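**Student:** Below are the structure tokens for one structure; questions will follow.
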Protein chains: 2
Amino acid sequence: MIKRRVSRPVRIGTVTVGGDAPVSVQSMTKTDTRNIKATVDQIKELTDCGCEIIRVAIPDLEAADAIQSIKKGISIPLIADIHFDHRLALQALKKGADGLRLNPGNIRDKEHIKKVVLAAKTRQIPIRIGVNFGSLPPGASSELPITEHMVNIAMEQVKLLESLDFDLIKIALKAFDVPTTIEAYRLIADRMPYPLHLGITESGLPQTGIIRSAVGIGILLHDGIGDTLRVSLSAHPREEVAAGFEILKSLNIREHGPVLVSCPSCGRTEADIIALAETVSAYLRRVKKPIKVAVMGCVVNGPGEARDADVGIACGKGRGVLFKKGEVVRTVEEHEFLEAIIREIQDIMDSA
Amino acid sequence: MIKRRVSRPVRIGTVTVGGDAPVSVQSMTKTDTRNIKATVDQIKELTDCGCEIIRVAIPDLEAADAIQSIKKGISIPLIADIHFDHRLALQALKKGADGLRLNPGNIRDKEHIKKVVLAAKTRQIPIRIGVNFGSLPPGASSELPITEHMVNIAMEQVKLLESLDFDLIKIALKAFDVPTTIEAYRLIADRMPYPLHLGITESGLPQTGIIRSAVGIGILLHDGIGDTLRVSLSAHPREEVAAGFEILKSLNIREHGPVLVSCPSCGRTEADIIALAETVSAYLRRVKKPIKVAVMGCVVNGPGEARDADVGIACGKGRGVLFKKGEVVRTVEEHEFLEAIIREIQDIMDSA
């Protein structure tokens, strides 16, 4: 149902971003990049959660130098996040970064940018132009609406890269304000052929940041805009990766592990549906397949949803009806609910 | 920036839904409705969280009778959720329900519906036609795409109500599948003038259900569609209310308490930003005003975001720059970060 914007693909190490490549999920390490062991450990944990591209902050030369050792310990592409000092970008390239992120808000000297672009071109390493509301430079367009200003800042730098015959470009235009972010991405999506990296910046703690990110990134993805994404949260980055995949799953853009349908429960419910759903969810953490399981509390929507899932249960007073692949399996007693669901899930896993 | 669809307003007790009324946030009790004390206590707790309309399940006559006593203990409008048996709707009306939700999937007898509509008309009580993917009836349109079938089911019942000269109507078309839900609401938004109640049904546990709901409800709201909403979660209903307001806040549709901007932190950060953000967030729980606070970890986006907030701090190594209403207040030492932020928040609160 979603008609995806056609973008010109680039390769970040082994991962293609843009074109018809799957929308990839990124995160960023929160360790001190100079601490090679801690950084590698965090990247490995994120890789286990499905993270497909990792970005690391490069605040100084020691951090740039660490890239070489970090790369040896990890299996996903690494992007160096550069601000202020173009020499850090040059060093990151030398040390094997698979991609660069430059902030046009704080690397303004054209000669410096040219040096980085020529070095990236030699190595065929893509550059993301990462504009951020919190670090916009002043400029000719700063009197314009904020979204136009953000787009202009990005376009100026894109043109500089293009003038150097460099087109391994991605663009991001992040703001904390969700409508601003949406508007900025929509504007540039029509003006540029490059892949877009989506995100809501500084979106805060998970309880609020996940919602801001889901709304903003979700609206753009449903428009067909976006080739890779990072959910920024003030939390462990594994929460960023999980949220990223959930956003993609909610729009049927990617599969990533199981889907649990469960009812909110209400005054009609006669079993402890929330506890049952939580236990089934905990069990499903070990399942990698995109199996759909429904835990439902009554006869209103229960049979309909349970029938629509791979495994489902519609619970009533003291007993429930178990479904598998749309067919009734049998009636089960309340004390067997969990065991019966798990047995059917296991059965589907084994027969796959 | 959002152009809202114009709908015909209805009144649920003291709350207007539709027209230019604020998009209201609803929830549903998870207590046994017949347990009057537990139900009233839960509704009061939800009212304290900002819940504006409450729905209660009416599975039997005893639950319908309980409405009278529940209403005496609460201050927000109450909607009776009816399935299968139209007599429960008649009794709920008698006992003072401010609104009815009927499911056209399981109350099909036209004579029964007519009785309910005439009783609602006498009392000028609105009816929500709540179509749900999990409880669709078979019918002439069941060969059509699922969204068209859902819309047809709703339209058939709307026409029946209109034929009885009844127009105090709201409509909901909920599915677990987010693109299906969006498509169904978009279709009916163009065909009917009535207010729309938004939701993603059976969306599951908070970690996934909040994301599904934020994406689906967010996309519709950003389209200008939606007059009231309920986030359905397998969790305590206070989480439904909080998520509902966060979705509205993310699109600048409603204000509801403070907004906390905070950075995800990265290898550049030299203070424990996540812990500081969590502590500030806990403090802000007692603040009702829509104050914007920014907790930022470095000089890249820190000053820009901190300057944009009512109170902000851009933290560096051992010290940070404190901002208030866009101006630098002073430099503070790391051990004073929290105290300094709280003092400025308090100062703004006191001077308001």
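**Student:** Of all residues in segment A:293-324 being in contact with a helix residue (DSSP H, G or I) (Cβ under 8 Å, 6 or more places away or on another chain) and closer than 20 Å to A:His256 by Cα, which is surrounded by the most Cβ atoms within 10 Å (Cβ to Cβ)?
**Tutor:** Checked segment A:293-324; the qualifying residue surrounded by the most Cβ atoms within 10 Å (Cβ to Cβ) is A:Val295.
**Student:** Return the pairs, sorted by first residue and then second, in which the second residue is at pLDDT below 95 and part of a loop (DSSP other than H, G, I, E, B), the first residue lies in segment A:75-90 and is within 12 Å of chain B (Cβ to nearest Cβ), the beta carbons are less than 6 Å apart, and the residues are 6+ apart or on different chains.
**Tutor:** Listed pairs, sorted by first residue: A:His83/A:Asn103; A:His83/A:Asn106; A:His83/B:Val300; A:Phe84/A:Asn106.
**Student:** Taking B:Met296, is it facing chain A (nearest Cβ under 10 Å) and under 30 Å from B:Gly50 (Cα atoms)?
**Tutor:** yes
**Student:** Please state which of the following conditions A:Leu221 fails to meet, knowing it meets all the rest: (1) within 17 Å of the chain's Cα centre (by Cα); (2) without any contact (Cβ under 8 Å) to a residue 60 or more places away in the chain; (3) within 9 Å of chain B (Cβ to nearest Cβ).
**Tutor:** So the condition that A:Leu221 fails would be (2).
**Student:** Still on this structure, please answer the following. State which residue is farthest from A:Ala57 (Cα to Cα) when the search covers only segment B:250-269 and only residues that are at the interface with another protein chain (Cβ under 7 Å from one of its Cβ atoms) and in a strand (DSSP E or B).
**Tutor:** Residue satisfying both the conditions and the ranking: B:Leu260.
**Student:** Within the set of pairs 6+ apart or on separate chains, which have a first residue in segment B:108-120 that is surrounded by fewer than 18 Cβ atoms within 10 Å (Cβ to Cβ), a second that is modelled with pLDDT under 95, and C-beta atoms under 8 Å apart?
**Tutor:** Listed pairs, sorted by first residue: B:Arg108/B:Pro137.
**Student:** Counting only residues that are among the β-branched types (Val, Ile, Thr) and within 14 Å of chain A (Cβ to nearest Cβ), which one in segment B:11-31 is farthest from B:Arg128 (Cα to Cα)?
**Tutor:** Among residues in segment B:11-31 that are among the β-branched types (Val, Ile, Thr) and within 14 Å of chain A (Cβ to nearest Cβ), the one farthest from B:Arg128 (Cα to Cα) is B:Thr31.
**Student:** For A:Glu239, all conditions in the list (1) at the interface with chain B (Cβ under 8 Å from one of its Cβ atoms); (2) closer than 30 Å to B:Val295 by Cα; (3) in a helix (DSSP H, G or I) hold save one; what is the number of the exception?
**Tutor:** The single condition A:Glu239 does not satisfy is (1).
**Student:** Follow-up question, since we're still on this one. Within segment A:125-178, which residues are acidic (Asp, Glu) and more than 14 Å from chain B (Cβ to nearest Cβ)?
**Tutor:** Hits for segment A:125-178 are A:Glu143, A:Glu156, A:Glu162, A:Asp165, A:Asp167.
**Student:** How about segment A:45-160: which helices (runs of 4 or more DSSP H) wholly inside it have at least 3 residues that are out of contact with any His (no Cβ under 9 Å at 6 or more places or on another chain), within 20 Å of A:Ser232 (Cβ to Cβ) and hydroxyl-bearing (Ser, Thr, Tyr)?
**Tutor:** Result: empty, no element qualifies.
**Student:** I would also like to ask the following. Looking at B:Arg87, B:Arg101, which one is among the charged types (D, E, K, R) and out of contact with any Asp or Glu (no Cβ under 7 Å at 6 or more places or on another chain)?
**Tutor:** B:Arg87
**Student:** When you go through B:Ala271, B:Ala242, B:Ala314 one by one, which is the residue that is under 27 Å from A:Thr181 (Cα atoms), in contact with a Phe, Trp or Tyr (Cβ under 8 Å, 6 or more places away or on another chain) and small (Gly, Ala, Ser)?
**Tutor:** On inspection, the qualifying residue turns out to be B:Ala314.
**Student:** Which of the residues that make up segment A:307-352 are within 16 Å of A:Val280 (Cβ to Cβ) and assigned to a loop (DSSP other than H, G, I, E, B)?
**Tutor:** A:Ala309, A:Asp310
**Student:** Those residues that are acidic (Asp, Glu) and within 11 Å of another protein chain (Cβ to nearest Cβ), I need them from segment A:184-217; list them, please.
**Tutor:** Within segment A:184-217, just A:Glu202 meets the criteria.
The values are calculated or read from the model by the stated rules, or taken from the named source; none is laboratory data. Keep in mind it's a predicted model, so treat the numbers as computed, not measured. As a convention, Cβ positions derive from the backbone with ideal geometry for all residues, glycine included, and neighbour counts pool all protein chains shown.
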